[in-house]
1. List the residues of segment A:450-471 whose backbone N lies under 18 Å from a point placed 7 Å from the Cα of residue A:530 along the Cα-to-Cβ direction.
2. How tilted is helix A:113-125 with respect to the longest principal axis of chain A? Cα atoms for both, answer in degrees (0 to 90, nearest 10).
3. Going by average Cβ neighbours within 10 Å, how do the peptides A:588-594, A:575-581 rank, with the highest at the top?
4. How much net charge surrounds residue A:345 when only the other residues with a Cβ under 9 Å from the Cβ of residue A:345 are counted, with Lys and Arg +1 and Asp and Glu -1?
5. Fewest Cβ neighbours within 10 Å first, please rank A:345, A:111, A:180 accordingly.
6. What FRET efficiency, computed as 1/(1 + (r/R0)^6) with R0 = 60 Å and r the Cβ-Cβ distance, is obtained for residue A:552 and residue A:132, rounded to the nearest 0.05?
7. Pairs of Cα atoms under 8 Å, at least six residues apart: use those to get the relative contact order of chain A, whole percent.
8. Would you check segment A:475-600 for Lys pairs whose C-alpha atoms are within less than 23 Å, ignoring same-chain pairs closer than 8 in sequence, and give me the count?
Amino acid sequence: MVGGLAVHQTSYLINPSSSPIQGSEQRTREQHASCLPSLNQIKSIEEFKQVHAQFIKLGLDQVPRHASELLSACTLLHWGSMDYARLIFDDIKDPGTYDFNTMIRGCVKDCNSVAALHYYKEMLERDTMPNNFTFPFVLKACAQLSGMEEGTQVHSQAIKFGFESDIYIQNSLINMYGKCGEVKSSCKVFDLAGTNKTIASWSALLAAHTRKGLWRECLKLFTVRNNEGWRGDDTSMVSALTSCSHLGALDLGRTIHCSLLRNISEVDMTAQTALIDMYANCGSLEKGLEIFDRMPQKNLWTYSVMISGLAMHGDAKGALQIYSRMLKQGLEPDEVVYVGVLNACSHAGRLKEGIQCFDRMRFEHQIRPTLQHYNCMVDLMGRAGKLEEAHELIEGMPIEPDEVTWRCLLSACKVHGNLELAEIAYRNLLELDSQNTGDCIILSNMYAQAKRWEDAAKFRTDIVNRGLLQAPGFSRVEVKGKMHTFVSHDWSHPQSYQVYEMLYQMEWQLKFEGYSPDVSQISVDVNEKEKRRTLSGQSQKLALAFALLNTSRGCKIRIVTNIRMSRECHEYTALISKIFARETIIKDRHRFHHFKQGQCSCGGYW
DNA sequence: GGAAGGCTTC
């Protein structure tokens, strides 16, 4: 109805009552065809069907050129329909390379890569020669599938057909290997491209590294790219920003932000979202919020990133506000949004709201909870002290719990001192063959706290007997755009001597504040002095001392660590932030802690 | 005769 109306209103159609052309010469047909609307002006599939009917009436659908045009309009325009396109394609007596390419391209656009590969196969079976346009589409289908086997085959066929040095195909290959996680192969193709390289070659290469978690390498390549004079490409910058975000590299992230503003006339939504994520993940939540508030348009990703950012910083109120704004805007939340929302509740101990959101996700938004959601819930309940309920939830889950699930329960047991349930959690971790030394250490510490030294020691020897290696705890701090990494009792840094001297001064001042380290968390039965020595050399403290030495007053200190903040370290940092009047932001394995004037943003709940 | 490549959240 709507389509019909549109057609009559625009009146560029031939009067439907006029007689069809009976096999008259091409020219008459073409004259009629010229009265038809330009295919890319069509706004809906209904309208398209009417035009298609006219083509059939005029016999134009059998003219190869027109048939191809109809096909590509139907596959590629926003209203397009692959089901209908398939009918048109099946009607073409002898489809050419262009038609096959159109179908492959359409299937890829429709995210139906399997169908795309079928058309490619059919193309070869019918001896239709693929051309330089065919391979980018087919490779994109392989990339969508993460199909390394298919991708490699197509790669050899591209070589066989002589397209080895076509830069579009090379870029598609870099992308395909990247999506398959084969970064080495991406690099190989990239190197082979030599001076052919374009800006897209770089961005595909950077994306391949980011996807694989090779963030440092991504940033190194990004620097090389910049030094070679490539500018003004926001896709590459998005990959670089993502890497900064994971590394906590704020200074570099800021530099990229500046160059985005300098080189790109209009920063798009994806880049802005990546900026918000970078700022939030690097400890500068305010800056992230500022960008978020200024964005005239936001999509699901933007909201999602902002919610997770606020959650990580323990701002549950803010996260829930953004979540309602998102709903008000009519956006349908997805499972990732709910991971953020549940995390926010968990980090702030908002048990009631967390349970409400969990229900809303399942019943109102019809999202089946994933293991990640259940893990958030176990964490939320456990840390709020509802240990039995958390245990019940695990037992009743429709999915098998994993290591994370039991570890959430274990650490909640540690916080609330429930040894009995901790033992159950630990047994389950053993059954899952967990190789994590942290689990043994938690239990060992719990026994130590209960003064059950023998049991504590048993768990320590367990670590040795099972041949477990403790992943070294490290802390990173960025000073003048350069990352410095410290492990516990580290002497490898060139400034180590000064760092330990600073540490000594810090502890001296802490003593004046009446601080005495809580050594009860150390499960080895050694003397007090030895325990104190263990505590004072922790990587976070080394990083803190280093930052105090190398940054000026008024400058915020930002540290990223891979271990979970201990009570002792928390109290230590809070006091240092007061004594040295330095705002200190620490990102531990789970969240951010903002220390200011002796207080922490988490309010002691983490 | 006509078409093409790269990016973001847990």
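1. Only A:451-464 fall inside the zone, counting backbone N under 18 Å.
2. On a 0 to 90 degree scale, this one is about 40.
3. Highest mean packing first, the order is A:588-594, A:575-581.
4. Net charge in that neighbourhood comes out at +1.
5. With the sparsest Cβ surroundings first, the list reads A:111, A:180, A:345.
6. 0.60
7. Result for chain A is 6 percent.
8. The number of close lysine pairs in segment A:475-600 is 24.
FYI, it's all coordinate maths here, none of it is from the lab. Values in this document were obtained by computation on a predicted structure and should not be read as measured data. Heads up, the Cβs are rebuilt from the backbone with ideal geometry, glycines too, and the neighbour counts pull from every protein chain shown.
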